[in-house]
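Notes follow once the structure below has been shown.
Bear in mind these aren't lab numbers, they're just calculated from the coordinates by the rules spelled out. No experiment lies behind these values; they were computed from the predicted model shown. Backbone-built Cβ (ideal geometry, glycine too); neighbour counts: all protein chains shown.
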Ligand code: SF4
């Protein structure tokens, strides 16, 4: 039981832990893993292949909020993205339902598109709650400035949406961050990384569970205060994450929805 947790929360955590001990991998997940393994080309079934053994893949929302208010030099968005309207929230929930069928229970889903936090708070919470309700693990991918503009947003997503994972993209290719319109190098962005880490720490101590991802400059071995290296990062990943919590280092797992360039990772806390 975590320090400060209420008895009902403690009972829920205990029941959940016992359930995990009884059945670490549910039958449905096992069947999904088997299907994924069988669908792999034989030449890809090498000894360290995780797909079909530990993972069923991961997914992402498409069209949830195509617009972005940054103008990064290496943006992947199309030229018309800022003219596109977000899909109706029901269509996003349908995407999640389909992803749940494909990924099985506890499938990792990135809630993303352009800048997802430009969606209204109610819609974001509805998306997060639905993902949780159907047994997915949602991770919000954002440039993070929405949390700086409105300090109540992240706590509300954690409290009302059950958000446990957030990936904040910070690097020097970005254009539009308040106070960091243009920076000389990656190190110049460390204060904003500290700022996000502080938000996560604060929210973790207040609500007992959130998670984070942060990017740090290549070759920079320092960590913002209180951040620890992701236990799952490799020597190539050059990544650190705010894993410190009032109760110590939380169980950490890689969400599998990182940037693909090995420079970001996600730690998950517990609730
Ligand atoms: S924050 Fe992301 S989506 Fe927005 S402009 Fe930058 S790279 Fe593109």
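Identify the residues of segment 171-198 with backbone N under 12 Å of a label point that sits 7 angstrom from the Cα of residue 150 along the Cα-to-Cβ direction, or state none. Once the point is set 7 Å along Cα→Cβ of residue 150, nothing inside segment 171-198 turns out to lie under 12 Å by backbone N.
Distance from the Cα centroid of segment 101-125 to that of segment 130-164 is 9 Å (rounded to whole angstrom). P(r) for segment 24-119: what percent of alpha-carbon pairs falls in each 5 Å bin, starting at zero? That works out to 2, 12, 19, 15, 14, 12, 12, 10, 4, 0, in percent per bin.
Ordered by packing density, taken as the mean number of other Cβ atoms within 10 Å over each peptide's residues, highest first, how do 92-104, 18-30 rank? Walk me through the numbers before you get to the answer.
On the way: 92-104: 17.8, 18-30: 11.2.
With the highest mean Cβ count within 10 Å placed first, the list reads 92-104, 18-30.
Over the C-alpha trace of segment 1-55, radius of gyration and Dmax come out as 17.1, 51 angstrom. Residue ranges 170-182, 124-136, 105-117 sort as 105-117, 124-136, 170-182 when ordered by packing (mean number of other C-beta atoms within 10 Å per residue, highest first).
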